[in-house]
1. I need the calculated FRET efficiency for the pair C:Lys193 and A:Glu79, taking r as the beta carbon distance and R₀ as 25 Å, to the nearest 0.05.
2. Pull up all non-local amide H partners of A:Ala218: gap of 5 or more, or a different chain, and H-to-H distance under 5 Å with H placed in the peptide plane.
3. Helix B:458-468 against the longest principal axis of chain B: what's the angle in degrees, Cα atoms only, rounded to the nearest 10?
4. Cα to Cα, under 12 Å, and not fewer than 8 places away if on the same chain: which aspartates and glutamates meet these conditions relative to B:Lys12?
5. Over the alpha carbons of the stretch C:159-225, what is the largest minus smallest coordinate on each principal axis, giving the biggest first in Å?
6. Nearest 500 deg cm²/dmol is fine: what mean residue ellipticity at 222 nm does chain B get from its DSSP H runs of n ≥ 4 alone, each adding -39,500 (n - 2.57), divided by its residue count?
7. Long-range amide H contacts for A:Thr96: which residues qualify at under 5 Å (H placed 1.01 Å from N, peptide plane, sequence gap of 5 or more or a different chain)?
8. Which Rg and Dmax, in Å, describe the Cα atoms of chain B?
Amino acid sequence: MTIHLKIWRQKDRNTPGKLVDYTMDDVNPDMSFLEMLDWLNERLMNEGKEPIEFDHDCREGICGSCNLVLNGMAHGPHEATAVCQLHMRKYKDGDTIVVEPWRAKAFPMIKDLVVDRSAFDRIMTAGGYISINTGAPADANALPINKYDADLAFDYAACIGCGACVAACPNSSASLFTGAKISQLAHLPQGNPERKRRVVNMVDKMAEEGFGDCSNFAECEAVCPAEISITAIAEMRREYFNALSEIE
Amino acid sequence: MTAKNNGILESKIPEGSLQDKWDNHINNLRLVNPANKRKFTILVVGTGLAGASAAASLAELGYNVKAFTILDSPRRSHSIAAQGGINAAKNYPNDGDTIWRLFHDTIKGGDYRSREANVYRLAQVSNNIIDQCVAQGVPFAREYGGLLDNRSFGGAQVSRTFYARGQTGQQLLLGAYSAMMRQVSAGKIEIYPRREMLDLVKVDDKARGIVIRNLITGEIERYAGDAVLLCTGGYGNAYYLSTMAKNSNATAVWRCYKRGAQFGNPSFTQIHPTCIPVSGKYQSKLTLMSESLRNDGRVWVPKKKGDNRPPNEIPEEERDYYLERRYPSFGNLAPRDVSSRSAKYVCDEGRGVGKTGLAVYMDFQDAIERLGVDAIKAKYGNLFAMYEKITGENPYNVPMRIFPAVHFTMGGLWVDYNLSSTIPGLYVLGEANFADHGGNRLGASALMQGLADGYFVIPNTLSDYLAENLHAEKVSTDHEAFDKAEKETMDRINKLLNVDGKKTVLDFHRELGELMWDHVGMSRNKKDLEMVIRKITELREEFWKDVNIPGENNTLNKYLEYALRVADYMELGELMARDALDREESCGGHFREEHQTEDGEAVRDDENFSNVSCWEYKGDDKKPVKHVEDLNFEFVTPTQRSYK
Amino acid sequence: MSKAATFLKSQVGRKIATGVTGIGLVLFIIVHLLGNLAYFAGPEAINTYSYTLHQMGPILWVVRLGLLAFFVYHVWLGISIWLEKRRARPEGYSVYASRGGASRQNWSSRSMVVTGILLLIFVFTHLYTFAFHDFATAIHDGVEMHDVHQRLTEVFQNPVYTIYYVVIMVLLGMHLRHGVWSAFQSLGWMSRKSNPIIYSIAFVLAVIIALGFIGLPISIYFGLV
């Protein structure tokens, strides 16, 4: 099948970018979207042109590396699917696809479709952990956790840190990412001692990194490959309110 | 050429009974006092389970840690993709599990090609790993009573596998990553993302630094430290197609090999039987379907060659359930190496299915009839959904098509009991080392080993080395050894960029992969291995004459990174073939056609090959030299595996 | 900075404040709507209602000032969040689309700042038309009071004002369609289960309020009362 691509090309942060047209005539419906880009890159290299840079790694939808906005939707048109798991059979012969990078001030451009998402690591550094040293913690079964909370904690822990929530959010808010980690740890007794300090520090860090406010559009939940619910954001707000005593 | 050991491969296995070795060892290791720990800088390369857990644990102890990853965040390391679970001898289900049993299953599963002491230690610390992870907030599966749930996995008769849905690797990695981020916030770890180690710097024969390429700017950076921890994972991508992530590579390991670290058992690779088959030339990687599916899926191919009918139209009596036929007692649950080989045989006979003929069916129809669709959905829903996403076929109605794929490499840099390579100060952790899985890894053991090495082994053993070097002079990055390493690295990069040939890196990698898969894969023979060694040499020459690298060095350039890795895969591929050729026996994942029974089962040669083959680099134009570490089985008796 | 100031400046605090002020304003709107409905009971009812309110003296002023403070704060928060959003994505997408599904992006949620500003303008004109306008005098049970009934009847016979009012009330409905649900989410009163329920209730409430307000001018204009 034939696919028309309009792909964002940008040399570096300081050079303005633009959409460039490419037409692929030999797209196999069983190809993944990224394999089509590989295919295109091979063609470009054979033509002596510079290939397109894009982030990818596991190609199984779990590492969170891939980050493409296809026709205005983060990770493309299918729910619960990272773009590496999107296959061309979902498109029709002759379709046009506009491919853009995540766009947010907090995710500065590196090159073409690659952006810098280290702001997420810094949010994690602000408190996305439980302070326990390697050593001899109590036996794993010493502290039973009811299945409801354990399952809920897992739902939030499933975040792959891809940043689609930020990319899709009209406000570029990182609330779903931050809320998911806060809510995961809030549902586990192990997370309790640092609960208040954690939410205050992580929420502050999120703003400091330049992410926008959340306006409850819930677009983040719609594009999340790990299907994390915006209940995470509601929980984060509850946690923040309960942490008033820790605010300075 | 085989050289005498010369005492280089001193395994340093401690004295005492198997149960006491690790404790005795800890008691005898030298310590570094807290004030002195601050004076040491440890370079950790790779931030998967082994790297992240080591970095966090060492930083907690007070060492200064610099951690390097080729990815944009440590959280994306490929440990994240492990699905099934992690073993531990907790015996929570009260089904008779013990540390001894876990040890015994693991060493037997590895076809008696690993060290008793190492494997026993692994089983010993397995329980601490679970405790540690739970304390970090890893959301393992739980029962209604609030206690941890276990499930069974291949190669064991007890339920000892802890899991977090189908994403155990992800949850464990995020636990280790969060412990690491805590130390970042404490100022004890500095993380260097999008950096690739391109060389090891030795001063006075000790590892004292690394040379790194900044993948965004292309600049070469130098880092000096008191010890280097290599936690860079396996080298399965030498086969081009594997279940490894696209960026997983062997370059760091290979560069250390070329600086003098010996490579243990390079030919030991694990080929996983249940992966989604290749669909075309454009295929970039393979996706694993969890082994757990074999609990309910029946594997079959048509009895007739070239039977192109849709699977549902092939009547029962014309199907060959070959695993059930050949291995009546284990059936569809035969171990990974055996299942993979059987699939290859039926496809070689021309009975493979699908467009390419390189696939077999895994059929859930009987299980659906027996248990109902809902029960199957509850057990495997997410796997079925993933299969449908990738293939566009619904496995509830049509059988899955599966085929083996390269999945894990048991080989790696040789390490002693302390995880030290043959270069003092260079430690190798996780899949990057050769150690604990022998000739074949059991399911749910890789996560266990990565975390055991990082959380519990290295914090103890490293202090012994550092204590010995407490008064050693600090090396600065101005040292001439750094100049030399940087220059060699730059020369290699420039040489590549200046080839200006016609073929893409992908062309070469695919060619290499095809050679490796066809002849150094599931089944190997002398003639083919000799041919492969010759062909790889030719391919290497062609590569350096005709590869086309686009773009420049001073910017993000993924195909340049890739070319550097492929150049190393070609050298490594040759060593893998050499090792396979040298090992005149069949054991675990290594199957030599010359060494099989009449009905095609593996024949081990314990008399001549109860050992680790360790290869020493002697120069690009010289053959590597093999050294041997003998494996002594004091506590278990090697037996022939049988799954009939 | 005091705890309260830090809290209110944080992203979560701002959102909670938007929700609290929003809920306050919605409660006012509901009371206002109930008051409006008194028109249908005849001149005496609505005039007496208005008179009674005015007799409350200082309490009325407290309520008025509180309402004003809520209103100003709500508007300021809304505008600043909107400004922040522009800052957080300096370079926009060439193509942008909502995925649908769980998304709550729609005409209502995307236009909050626009409908909000129009409502702000409306409030000024509305106060000018009613609160700051001279009223005729009516006498009920011997008490002199403003003839609110007469003023309403007069205003809503003007087609331009009636159309303007109806349009604004539709916009109010849109604002509340997202705003009411959003307030619950902002205050953390939400779970995966209650989310769709609250979203539906918010829709019904928005429709009732909008229709309730529209009912009066339409009835007057077409002479139905």
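Where a number appears in this text, it was derived from the coordinates with a stated rule and is not lab data. Here the structure is a predicted model, which is why all the values come from computation and not from measurement. All Cβ positions, glycine included, derive from the backbone under ideal geometry; neighbour counts span all protein chains shown.
1. Calculated value: 0.80.
2. C:Arg104
3. Once rounded, one gets 30 degrees.
4. Within the straight-line cut-off, B:Lys12 pairs with B:Asp416, B:Glu629.
5. Per principal axis, max minus min of the Cα coordinates gives 47, 18, 13 Å.
6. Taking each H run of at least 4 residues, the total per residue is -11000 deg cm²/dmol.
7. Placed amide hydrogens put A:His4 under 5 Å from A:Thr96.
8. Expressed in Å, the Cα Rg and Dmax of chain B come to 23.9, 76.
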